[in-house]
Each structure stands twice: as structure tokens, then as C-alpha cells.
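See structure below.
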Amino acid sequence: MPYGTIDFERELNPEQFAAVSAEPGPALVLAGAGSGKTRTLTYRVAWLLHELREAPWKILLLTFTNKAAKEMTGRVEQLCPELERPQWSGTFHSIGARFLRTHGRVVGLENNFSIMDEGDSENLFKDAVNEVDKHYLKEKDMPKVKPLLGALSYTRNTCGSFHDTLMERYPWAEDEGYLPRFKDFASVYEQKKRESQLIDYDDLLGLWLQVLEKDDEVRTQWQRKFAHVLVDEYQDTNMLQSKIVDLLAANHQIMAVGDDAQCIYTWRGANFENIASFTDRHPQAQIYKIGINYRSTPQILNLANSILASDPGVVKFPKELTPFNPPGEKPYVVAVFEPRNQADFIIKRIQGLLDEGYSYSDIAVLYRSHYHAMELQLELSRHRLPFVITSGVKFFEQAHIRDIIAHIQFVINPMNTPAWQRLACLLPKVGAKTAERLLKLMHNEVSTQQAVEIDLFNAAPEHSESIPEAMTTQAVMSKVPADAREDWDSLATTLQDIQEACDDSRCGDAIQFAVEGWYEGYLKANFDNWESRAEDLNALIDFASRFSSMTEMLEQLALTAPESGDKVDEAESAYALRLTTIHQAKGLEFPIVFILGMADEYFPSKRAMEEGDLDEERRLFYVAATRAEKELYMLYPSKVLRPGKGVQPLNPSLFLQQLEAGTYQVLRFSNMQF
């Protein structure tokens, strides 16, 4: 291709062209949803190579995924096949690894260092914990290896205080005097890594920053190395990434591309201030706004703009999406009676959409939290409709849900060996063989007790000793591993409470005993996202409350579980309905979108409402709405059944109430089931 044959101005709209052809220097490109962000960034690289004749090794392109990097460099090759592609294009972590292979000696690394995977990191951290305190991992309610590593990772990526992170996540640890011990664990972990020339995933960034801050010569070399630093999805950068970028682009040769309205990952370390304060850190930065949306109808965009307009403070740089596509239907707000009616409406509407010529893969159901899709997953399975979950496993297949269900399964049927094995093996020092041996002892205790009572009274007893009660007999307790005895006693009490509730057909109470009993401490100690998992479990309590017996609930779960022939394989998933959290849907688009749970305490979440921090929740709603191309449905239940409280009213989401009149139409779907 001869020089000068790319007609940038013809192939781009005026907003895109202005950003692509910007003079070298600091620039912030605010690319709205569906406005062609990737296209803009790709053509910017092509412009630098093709029009400015920049050397490919002088361009640094930082992305968050390998897929994004490959997609952009691949498009650049198509545009400029005669030119060499950029040599420094990739994720932050991949570029960090290349950097450390050359300059790692500044921080004590040889160039043959090894990068640990998650499992290796956990094993090494466990060794560090045992070296500091060999008794710590036996502590019942203290966070274990994975949660502690999660807290350490968050702290490093946010450049924050380990103490503050731990206080926020595990405040009870301070009362037990363990916070100083946690710092010792982290210190020994770092020492072990260095001794073995090992680094973990976070070191790829952390040590990169250390080298830049520590060695003036290396820092200057890298600042001169790149004439252009391009950063994709800038609103998702954390403090560690931002510091690296600012040091590399100290001469302000940076173009950051992102959208402050789509900053939704602060919970995992993204810092909204990185994009909000960009012009403060890079004076004279030019701001380019790209707002022509090629994805959605004007009606959907009117609603999306209304979401942000209802609270202007939710973004730093106000903008409006303008439509390119022809008009369509106004988005629908769908009021239903109770949570499971959302599933009824969606399934009926899906049938209509299929009749209209849409396929399952054209349809996505989005939700704020996993438990919002619980009822829908059950109904889709019952109707044998093909669906895939792109934000994790199905609700009832999640580990914490299966753990709680195992409590119930074992109480209902003490011969259920798999349920018992799942429970018992959660305890310290209890493996499969020990669990099997203890179960036999428990059954033997019940049989012995029954035989004694029959001999004394010459008749079968009216009430014989139960398996949960047998757990605390001397014969059984003497065989329980010493490290597990405290947990064992607590589990036995929990199972006894569950049994009493099941006998009285108090299904919601039975689940609540399981959730708030022994397992509560286990959940907090073993999962770094225990708060969101606790929300799932509270939803399970509400779900169980509508059944007249636990047997009925377990039967429904079993009957709606997919059979082996019903599973959607990878090839078939391209033709299936998509279920996903909004966080995982960012960057995707679908002709038809349903948003579940648009009620207060659901979305925005109860936690966000209590803390008064609604900005990110509002941006999350904006991201959800802008995934839709042709039709958007926002559903909310008006009632919910809660154990001990009966039917409780739910208000439509604050976000729905604040939408501008005329941006949506209301549908009322009445299919009462309480």
C-alpha cells in the first residue's frame, strides 16, 4: 500500500478524526458507550505510523486484556500492511514482565526469575504463615490464605495501607490482636519470594514501579524510549498502574482513552480519580469527546443520558450520547408481583422474540448480583431453554450455595454420604476417610441407643437419638481430630437447629440456621468476597420461605438441574441466551437486554444505600442500559416473602424513580404466586 492511501477523514466521523489526528502531547479521549473506542485507538496507532512516520518501537500501547491488544494490533496490520507493527503492545502485566527481564536486577531479580500462578502463590504464602505462627491456620474465624492474599493484592494495587484494608474486611481480627501478625505473614512471604527468585502477578506491576522510582537512569531511558504512550480503558486503571503511566509519560506524551461514566470497578481497585484528575496531572491536555453512538436506538440513548443527568456529579466530564441508528421502541419498565415473576415475564417475552425472528444469542439478561438471577435460572432449566452464564457458575452450583444445601440434604437424609462428605471435609484435618469413619460411628451410636431403649421398654421408642445429636457423644467426639473439635461441636449445634426447623416445616428458618450457624465463620474466613456471598445466602433464605417442606425444595432443585444431555457445550453456547452480571457485560452488546432486580435494596444494592455511595451504582446502571441495541426491559418486583416477616413491599429502584419522564414506558405483569 503506497504512502497516503488511508483516507482517515473519510473512514472516521469528525469526533473520531479529531482525536486520531491530534498533535502529539497530552490528550484525554472520552469515548462514550458504543462510540467506536477501539476503532479510534486503532486508527490513532495507524496515524502515528502512517502519517507521522513514527518508528514502531517508539509507541507503547497498554491494554487490560491480551484480546484487546491483539485485536488492535491486528487491525493496524490490516490498515498498514507495509509497515512494521508496534513492538510494545500488550497488557500492563505482560509489558511489566518484559521490563523486569531487563531491569529486574535493580530490585534484586535475576533475569531467570519465575512467575508464580495463583496456586503457587497460595502455597508459598501458606508456608510463610506457618513459619510465623504454626497455630494460626487452626483459628476458626480468622481469614485464611486466599482472603489474606486477596487483601494484600488489593492493598498493593491501590498503593494503600494493608492495615486499613484488613480493618475494612476483617475488623474482628483487631479485637483478637492478629493485625500485626498479618503484616508478619506478608513480610515473610516477600522474603521467601526473593530468596527463590519468584514473583507473583502483582509483582509484575509493583516491582516495575519500584524500578522506575528507584533508578533515575532506567526511568530516564524509558521516558525517552517512547514518543507516544497510549492507554486503553483508562477509567479502569488502579493507583499502581496510574503511577507507572505517569512516570513513563513524564514528558506528557500520553493519550488516555476511556469513559468516566463507565468506571465500575473501584471494588477491585480501579480509581475514579485517575481519569477525573488527568488534566491536573497533565496540564495543557486536550480533551476529545466522542459521543456518536452506533449501537443503540435514540430511545435507549435518551434513557441512558437521563441516568447520568439525574445526578451530574456521577461523572467528571459531562457528555451526551447522540444516536446514529433509526428510532425504535422506548425502553420498558416492567412491574411484577414478586421476584420469580421476573422469570415468568422473561420466558414469555423470549417466546415472542423468537417468533419475531430473534435467536437466543441475541438476548442477554443482566443483573447487579448473582442471586438476582436465581429464580430465572431455575425456570430456564425447568423449561429446558438453552442458556449460558458468562459471569461464573450457575447460582445453585456455587460453592457456598452447595455447602448450605448440603446441610439440609444431610439433615433430611443422614444416609446422604456425598452431602456429609462435603460438610465434614470443610473442617480442619478432616479428609474423606476420616469423614466416612465418623459417619459410621454416628450411625452406630444411633443404632445402639435405639437398641437400649427397645430392651428397656420392650417397644420401639417414640423418639430416638438423631444423627446430629450423635455427633456430640463421647464415642464420636473422641475420634474427631483435635483441630476440628471446636468446629465439630458448632456444626453439630447448627444441624440440630436445622433438624428442628425442618421437622416444623420452617424452611426459611432451616436455611437461616445453616447460614448463621457454624458456616458463617467459615464463610468469612475462607472467601475474600464473603460479603457478596452472604447476600446470595440471604436470598436463599427468602427463596426457601415459600416452600411448605424442605423435601419439596430439594426436589425442585434436583428436577431443574440440567441433565447431562441438556448441558450447553462451548460450540452451542454461541446460540444460547446469555446471563451475566453487569460488571462482566461491560464491552458487550446485544439486540435485546433485560435488567433484573431494579428495586431498592437490589439495585442499588442495600450496602451502597446504607453507605450513601451511589455514584458507582448509577454508573453501573448506565453501563447496563447501554448494552442494549434495539429493546431494553427493566424489571422490578413489588413484593418479597421473608421468613418471619411475611410479604414485604419493595419500592422501584431510586434510579428508576429519577429517570426523566417520557424516556420509558411502563408494563405491568401480573402473575401472582404467593
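The values are calculated or read from the model by the stated rules, or taken from the named source; none is laboratory data. All of these numbers come straight from a predicted model, not from anything done at the bench. We work out accessible area using only protein heavy atoms, side chains counted, and drop any ligands, DNA or RNA first. Shrake-Rupley method; radii C 1.70, N 1.55, O 1.52, S 1.80 Å.
Once you reduce segment 80-157 and segment 424-441 to the center of their Cα atoms, the two points are 34 Å from each other. Under 16 Å of direct C-alpha separation, and excluding same-chain neighbours fewer than eight residues apart, Lys58 reaches these lysines: Lys225. For the chain, the solvent-accessible area of protein heavy atoms averages 43 Å² per residue (probe radius 1.4 Å; ligands and nucleic acids excluded). Taking amide H as placed 1.01 Å from N in the peptide plane, the amide H of Leu667 sits under 5 Å from that of Val333, Val334, Ala335, each at least 5 places away or on another chain. With helices as the sole contributors, the chain gives -14500 deg cm²/dmol at 222 nm; each DSSP H run of n ≥ 4 counts as -39500 (n - 2.57), and the sum is divided by every residue.
Less than 5 angstrom separates the built amide H of Phe387 from those of Leu577, all sequence-distant by 5 or more or on a different chain. Applying the Karplus relation 6.51 cos²θ - 1.76 cosθ + 1.60 with θ = phi - 60° to segment 372-380 yields 3J(HN,Hα) values of 4, 9, 4, 5, 5, 4, 4, 5, 5 Hz, where x marks Gly and Pro.
Which value, in Å² and to the nearest 10, is the accessible area of Tyr43 when all protein chains are kept and the probe is 1.4 Å? Rounded to the nearest 10, that gives 20 Å².
For segment 296-455, the Cα-based Rg and Dmax, in that order, read 25.5, 86 Å.
Stretching the chain fully between Ser359 and Ser391 yields a gain of 9.4 nm (0.36 nm per residue, less the alpha carbon separation).
Here the gap between Ser505 and Glu320, fully extended at 0.36 nm per residue and compared with their Cα-Cα distance, gives a gain of 61.2 nm. If you find the alpha carbon centre of segment 256-270 and of segment 572-648, how far apart are they in angstrom? The two parts, judged by their Cα centres, are 18 Å apart. P(r) for the chain, from all Cα pairs and a bin width of 10 Å, is 3, 13, 20, 23, 20, 13, 6, 2, 1, 0, 0 %, short bins first.
Cross-link pairs exceeding 25 Å between alpha carbons, from the set Lys146/Lys243; Lys70/Lys330; Lys67/Lys586; Lys144/Lys606: Lys146/Lys243; Lys70/Lys330; Lys144/Lys606.
Sorted largest first, the spans of the alpha carbon positions of segment 82-143 along the three principal axes are 63, 24, 14 Å.
At the residue level, Asp7 shows approximately 70 square angstrom of accessible surface with a 1.4 angstrom probe and all protein chains present.
Checking the cross-link pairs Lys183/Lys524; Lys37/Lys319; Lys138/Lys524; Lys524/Lys639 against a 26 Å limit on the alpha carbon distance flags Lys524/Lys639 as lying beyond it. Amide H contacts of Thr91 (H built 1.01 Å from N, in plane; Pro and chain starts excluded): Thr63 sit under 5 Å, all sequence-distant by 5 or more or on other chains.
Working from Cα positions, state the angle (0 to 90°, nearest 10) between the long axis of helix 145-158 and the longest principal axis of the chain. The angle comes out near 20 degrees. Normalised size of segment 574-674, defined as Cα radius of gyration per 2.2 N^0.38 Å with N residues, equals 1.17. Taking only protein heavy atoms and a 1.4 Å probe, the accessible area of the chain is 47% carbon and sulfur. Each 10 Å bin, from zero up to the one with the longest distance, holds this percent of the alpha carbon pairs of segment 207-357: 9, 26, 26, 19, 12, 7, 1. Between Glu610 and Met477, the contour length at 0.36 nm per residue exceeds the alpha carbon distance by 43.5 nm. Relative to the dominant Cα principal axis of the chain, helix 298-309 is inclined by about 80°. Remark: segment 9-26, residue by residue, has Karplus-estimated 3J(HN,Hα) of 5, 6, 7, 10, 7, x, 5, 5, 5, 4, 6, 4, 9, 4, 5, x, x, x Hz, where x stands for each Gly or Pro and the curve is 6.51 cos²θ - 1.76 cosθ + 1.60 at θ = phi - 60°.
The accessible area of His163, taken with all protein chains in place and a 1.4 Å probe, comes to roughly 60 Å².
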